[in-house]
Amino acid sequence: MSPAPTGYAIRAMTLADIDAVMDIAACLPEAPHWRRAAFEGSLNAEDGPRRVVFVAEDTQTSQLAGFAVASLTPPDSELESIAVTSAAQRRGVGRSLWQSLAEVLAAGGASRTFLEVRASNLRAQAFYRSLGFGEVGRRPTYYADPAEDAVILRCNPR
Ligand SMILES: CC(C)(COP(=O)(O)OP(=O)(O)OC[C@H]1O[C@@H](n2cnc3c(N)ncnc32)[C@H](O)[C@@H]1OP(=O)(O)O)[C@@H](O)C(=O)NCCC(=O)NCCS
């Protein structure tokens, strides 16, 4: 697995992490706010497409600093959710979560990864572009509350 920034470790998410992961998302208005059942489903191999789900852990406090969820449907994959706590942002945690996911997605047969992001979420778009994602389309009025276009981004992890 790719090295994490100093002070953080990347590992697979478990059921015991879901409360902390939902707390992280709840504090970040731009993060997708999944229900508990959606996180539980992402950890259940028999529930839909194969998911790759990682968390970033502060190695001193054992508290979670972020998480990321991807689905794998070779040759495609989708980065479904990624979030890092405000306190841990801009330290390379998000990049490390993505790199760890990308290794597993490529090993599982994915040659490209897609994602959707709100057109107004320019911070996330800057993050994704720094990882090598580029715009391939838009879905008009894809999001509600507030209504907004989705920007579709694609990256070829291998
Ligand atoms: C998007 C997000 C996951 C990035 O996580 P992060 O750990 O802060 O990102 P990293 O530190 O790994 O950043 C890697 C690079 O991405 C770019 N980047 C990250 N955040 C950025 C920002 N706010 N503005 C501009 N560029 C940014 C930079 O190029 C950065 O490299 P640098 O710090 O050396 O300049 C985090 O900001 C977040 O959780 N946002 C709220 C939730 C969200 O919007 N999720 C995506 C929904 S689709």
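If the condition is being more than 9 Å from the ligand (Cβ to nearest atom), under 17 Å from the mean Cα position of the chain (by Cα), free of Cβ contacts under 8 Å to residues at least 60 places away in the same chain and open to solvent by 70 Å² or more (accessible area, probe 1.4 Å), then the range 95-134 contributes only Arg112.
If the condition is being farther than 17 Å from Leu105 by Cβ, open to solvent by 10 Å² or more (accessible area, probe 1.4 Å) and of a type in the set (A, V, I, L, M), then the range 52-79 contributes only Leu64.
Scanning the range 71-88 for residues that are over 18 Å from Phe133 (Cβ atoms) and within 14 Å of the ligand (Cβ to nearest atom) returns Thr85, Ser86, Ala87, Ala88. The single condition among (1) within 11 Å of the ligand (Cβ to nearest atom); (2) in a loop (DSSP other than H, G, I, E, B); (3) within 23 Å of Val151 (Cβ to Cβ); (4) open to solvent by 30 Å² or more (accessible area, probe 1.4 Å) that Trp34 does not satisfy is (1).
If you filter the range 80-94 down to residues that are out of contact with any Pro (no Cβ under 6 Å at 6 or more places or on another chain) and part of a loop (DSSP other than H, G, I, E, B), you find that the one that is surrounded by the fewest Cβ atoms within 10 Å (Cβ to Cβ) is Arg90.
The values are calculated or read from the model by the stated rules, or taken from the named source; none is laboratory data. As the structure is a prediction and not an experimental result, all values here were calculated from the model. In this analysis, Cβ positions are derived from the backbone assuming ideal geometry, glycine residues included, and neighbour counts consider all displayed protein chains. When the accessible area is computed, the model is the full protein with side chains, heavy atoms only, and any ligands, DNA or RNA have been set aside. Shrake-Rupley method; radii C 1.70, N 1.55, O 1.52, S 1.80 Å.
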